[in-house]
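Take a look at the structure set out below.
Values in this text are rule-based calculations from the coordinates and carry no lab data. Please read all numbers here as calculations on a predicted model, not as lab measurements. We place every Cβ from the backbone using ideal geometry, glycine too, and count neighbours over all the protein chains shown.
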Amino acid sequence: VTPIPIAGSDYHVASGQRLFSVGCNHGSDATVMPGQLRAVNKYMGPENLVVSGQPVDGRSGGGLFSYDGKLVGVCNAADPELNEGLYAAYASVHRLLDDAKLSFVYAKPRARRVPEAIAREPERLPRDPIADRTLSGIRQRDERGSRPAIADDTERTLARGAEGVEPAGAEVICIIRPKNRPDAESQVVVLDRPSRDFINRLNQERTQQDSRQTTQMRIDTRKPLRR
C-alpha cells in the first residue's frame, strides 16, 4: 500500500477546486464522494475547509484528497441545511503531528547544501609539495614556542602560486592557524572550485602583504650576542 502524502506547508487550495473524500457510509465499505471546495476557514477555530456535499454518519475521520494526490483534510462534521461537509484542513493536521513530534510525516526533507569550501582531514588530502612544506613549517616551533617558524620564501611561494591560475583547473589549499596560540590545532580547507574573484582577491592580498613593513625584531640565534 502506497500512502498518500499530506499536503505540505507550501500547498495552496482555492475555492472551486475539485476534491474528493473517502469514507464509510454508516459503517459500510469505503466509498468516494466528489465535491468542490466552497470556503477556506469559514468557521472560527482550527483551520478548516468547507466542501460541497453532505457527508453522512460513518464518514468522519475519512480523508479529503486533491486530484493531484495530496491529503488536504479530514472529515469531522456536516451541515445538512447547506449540503456541505466540514473538514479539518491540512494545517490543523500539521499541528497535531508537530505536537506528537511527527513533523517528518509531512515535512519535506531539506536539501543538503554542499559548501564550496569543504574541510577535509589532512591525511586524506592529495600530496602537494607546497602544502607539505607549509605543514612541516607549522610543526617547527622556535625555542620560545611563541610562533611557528615558517620561512618567508614559503609564504611568498604560496601567494605567488595564484598568479596566472585559471579557476576552472585550480585547487586551493588553505591552512588556518592562530598566531597567538602555537599549540592550537590548524585547520586545512580545500577549495576545489575557486572562483575567479577569489583568485584575484588572493593576488591582491599578496601584493598588500609584500608592501607592508614589519616592525618585528628578528635575532639570528646562530651568532653569539656581543656584550
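Quick rundown of the values:
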| quantity | calculated |
| --- | --- |
| Residue match in segment 19-38 (condition: of a type in the set (D, E, K, R) and surrounded by 14 or more Cβ atoms within 10 Å (Cβ to Cβ)) | yes |
| Residue that is touching a residue at least 60 places away in the same chain (Cβ under 8 Å) and either surrounded by 14 or more Cβ atoms within 10 Å (Cβ to Cβ) or touching a Ser or Thr at 6+ places or on another chain (Cβ under 6 Å) (or both), where the choices are Gly85, Gly73 | Gly85 |
| Enumeration of residues in segment 61-70 that are farther than 11 Å from Leu19 by Cα and either aromatic (Phe, Trp, Tyr) or surrounded by 17 or more Cβ atoms within 10 Å (Cβ to Cβ) (or both) | Gly62 |
| Residue within segment 45-52 that is closer than 24 Å to Tyr106 by Cα and touching an Asp or Glu at 6+ places or on another chain (Cβ under 9 Å) present | yes |
